[in-house]
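Report on one structure; see the data block that follows.
The values are calculated or read from the model by the stated rules, or taken from the named source; none is laboratory data. Since we're looking at a predicted model, the values are computed, not measured. Please note: Cβ atoms are built from the backbone with ideal geometry, for glycine as well, and neighbour counts cover all protein chains shown. Please note that ligands, DNA and RNA were not included when accessible areas were found on the heavy atoms of the full protein model with its side chains. Shrake-Rupley method; radii C 1.70, N 1.55, O 1.52, S 1.80 Å.
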Amino acid sequence: MRIAHPSLSLFSTSISFTRTRHNNPPNLLAFVSSFSMADPNNFSTVSAEDAATFGFTREEMYSSKLAGTVTPYERHMFLRHKSYTDWASRVEEDLLPKLLSSALKSRKNDIPLKTLFTVTEGEESDGDVLIFPEMVKYKGLTDSDVDGFVEDVLVNGKPWASGVQETFTGSYVFVCAHANRDKRCGVCGPVLIQKLKEEIELRGLKDQVFVSACSHVGGHKYAGNLIIFSPDSEGKVMGHWYGYVTPDDVPELLDQHIAKGEIIERLWRGQMGASTEGGDEKDEQKTLPNGTEVKESEKHEESTAQKTEGNVGGCCQVANGFSCCMTARSEASETKKSEETIEASGKTVTGRLTSWVKSWEQRDVLTAAAVVGAVATVAVAYSYYRRSR
């Protein structure tokens, strides 16, 4: 996957929009307004005031660096479930998503690949499961199937014994449009979905690029948020996360990222499947898109540590505001920190004890030598005294 270096016109357009975002650019407001008027039954119909407060012209747009805001992981699983307009704030509390999320957490130590779980719109295909990067689908998962599915597919890496495994091809774009979870996603997501579908149809790609709404993926403040699963030049599927996406960015995502495999660096948050093996082991710095710098060796160590800390997380949110992926990592992380603290303390105590023993032995030897010397001196003096009498 290459990093796109936008043409001057594209770059200038981006800078111009960035500088004028607080002045409510008319093209974006017009797009949001036309979207609302065109589909009055859509849950995400918004007023001009909400569009300015929660949409693409809000104050926080472009206020944070994006690169590095995705926790490394290796597999992404999507469950088709209802229409996104019907999702509650905690969609994972619906029965099927809840059972699947709970099974993932309870078996996290048995699942070899760190797996994120997200809900995507289903309606007529409720219960279908899509798995990336394997690009496989299982149809009709039910409540009673969950444990067997997790055991077969995620734990043992085998086809589901009670279902038919299907493979699929093409590029898949998942856009966070979880309005009941966060209004920014509710305002931006549906607009991006409509724009993507329009541009895909214009390019004749309806049978090659597929767009769906998804539940919360983390980072409300980066809305519009979307994830693109698309094969690179070698056929390897990578899930690339983008933030601060606006309708004006959609053509570039289709023409640069999906068509050419080039990352749009100013919008890039991170990716699925960050490698933890091979490559150049030199301790040199690598500049990531939109300004984040890390050392290659540090990145390698961090990714490796995160693999051992916990293998399964869910982007679905659970009680007390913690996500499944945060829970999966935090328990192991805290344990590791405690172990490191104990180990460090043990080393410190041992070092001090060894030093004290060595110091004590040295003082003891010197004291013994002094005593022997004193005794010898007294003996010589006494012997001389007796001879002189």
- Task: Using the structure shown, select from Lys98/Lys139; Lys108/Lys221; Lys197/Lys260; Lys195/Lys236; Lys114/Lys197; Lys105/Lys158 the pairs with a Cα to Cα distance greater than 22 angstrom.
- Result: Lys108/Lys221; Lys195/Lys236; Lys114/Lys197
- Consider all pairwise Cα distances in region 84-217 and report the whole-number % of them above 20 Å. 51 percent
- Enter the per residue convex hull volume of region 69-115, computed from alpha-carbon coordinates, in Å³ rounded to the nearest integer. 101 Å³
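Using mean Cβ contacts within 10 Å as the protection proxy, how do 197-208, 127-138 order, highest first? Could you put the intermediate results ahead of the total?
Numbers: 197-208: 13.4, 127-138: 18.5.
Most protected by this proxy first, the peptides run 127-138, 197-208.
So how do Phe174, Phe210 rank on accessible area, 1.4 Å probe, biggest first, that is with the largest at the start? Working shown, then result.
Details: Phe174 5, Phe210 70 Å².
The residues order as Phe210, Phe174, largest area first.
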- Expected field for Thr71, accessible surface area in Å² at 1.4 Å probe radius, rounded to 10, holds 60 Å²
